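Scroll down for the structure; my scribbles are underneath it.
Every number here is computed from the coordinates shown, using simple stated rules; none is lab data. It should be emphasised that the depicted structure is a prediction, and the values quoted were computed from it without experimental measurement. Positions of Cβ are backbone-derived with ideal geometry, glycine not excepted, and every protein chain shown enters the neighbour counts.
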Amino acid sequence: MKISTKAALLSALAFPGVGQIHLGLYGRGIAIMTFTFGAIGIIVGIATLKALAVLERIQNQSGAINLETISQEASRAVTSQSSAIISFCFVFIIAGWIFSTVDACIMGKRQEERNRQ
């Protein structure tokens, strides 16, 4: 298997930046991974805060806790600001994943050309 193909597959199927690390481009790979983990961390953080807020509201309500109550509280917890941030992070992750895959393929092809000479 060509090194460019292997690097692209690693970035596409394993995690963004893994292909760059496989090629020896450690700084580039770690930077891509850091940004991706950061975006995932923001999404998880916002989701956790929203879930805790929903749980707190449900605990403070008197009465039966059922699926309808949980659904209503979860709907109230979603704000346009947090939804916009989460949407931006998802787009950032997808764009980063695509960039990482294409970049790994290009950098791999460059290494293949250098090895031929």
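For the reader, a short list of remarks on this structure follows.
- Note on the chain: dipole from Cβ charges, positive end direction compared against C89, V54, I3; the farthest Cα belongs to I3.
- Gained length - I98 relative to N60, 0.36 nm times residue gap less alpha-carbon distance: 9.2 nm
- For the chain, the mean residue ellipticity at 222 nm estimated from helices alone is -27500 deg cm²/dmol, where every DSSP H run of n ≥ 4 contributes -39500 (n - 2.57) and the total is divided by all residues, rounded to the nearest 500.
- The spacing between the stretch 79-117 and the stretch 22-55, judged by their C-alpha centroids, is 14 Å.
- Taking Lys and Arg as +1 and Asp and Glu as -1, the other residues whose beta-carbon sits under 11 Å from that of L25 total +1.
- Each residue, I40 and R110, gets one label point 7 Å from its Cα in the Cβ direction; the gap between the two is 2.6 nm.
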